[in-house]
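Let me begin by presenting the structure, written as structure tokens, before commenting on it.
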Amino acid sequence: MQRIKALPACRLLDRILDQVHTKRRNGDKKGSETMIRKLASGKYRLFSRKKDARTGKRRNLGTFATRAAAERHERAVQFFKRH
């Protein structure tokens, strides 16, 4: 049986919330999600939505100091893909 490491309640909540993918706020498509993850350093990294078939990993699309900056870049990427 695997033991769970005890964390203070606030850090545990932060970890859970960071692991949950947030829905896009502008309602782009139903079920579309941003792939922004919080790193141990406190920065945010934007990943590709699709996994690479060969490696099984997502492409790193940039690292940002704030989540808002990562969301702005994610919107720019989506705009570029469609125009």
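The values are calculated or read from the model by the stated rules, or taken from the named source; none is laboratory data. Keep in mind that this is a model prediction, so the values were computed, not measured. Virtual Cβ from ideal backbone geometry, glycine too; neighbours counted across all protein chains shown.
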### Query
Could you list, in sequence order, the residues of the range 53-71 that are over 13 Å from Gly42 (Cα atoms), surrounded by 12 or more Cβ atoms within 10 Å (Cβ to Cβ) and out of contact with any Ser or Thr (no Cβ under 9 Å at 6 or more places or on another chain)?
Gly62, Ala69
## Note on the structure
Over the range 24-70, the set of residues assigned to a strand (DSSP E or B), of a type in the set (Lys, Arg) and either modelled with pLDDT of 95 or more or over 18 Å from Phe80 (Cα atoms) (or both) is Arg37, Lys38, Arg45, Lys51, Arg58
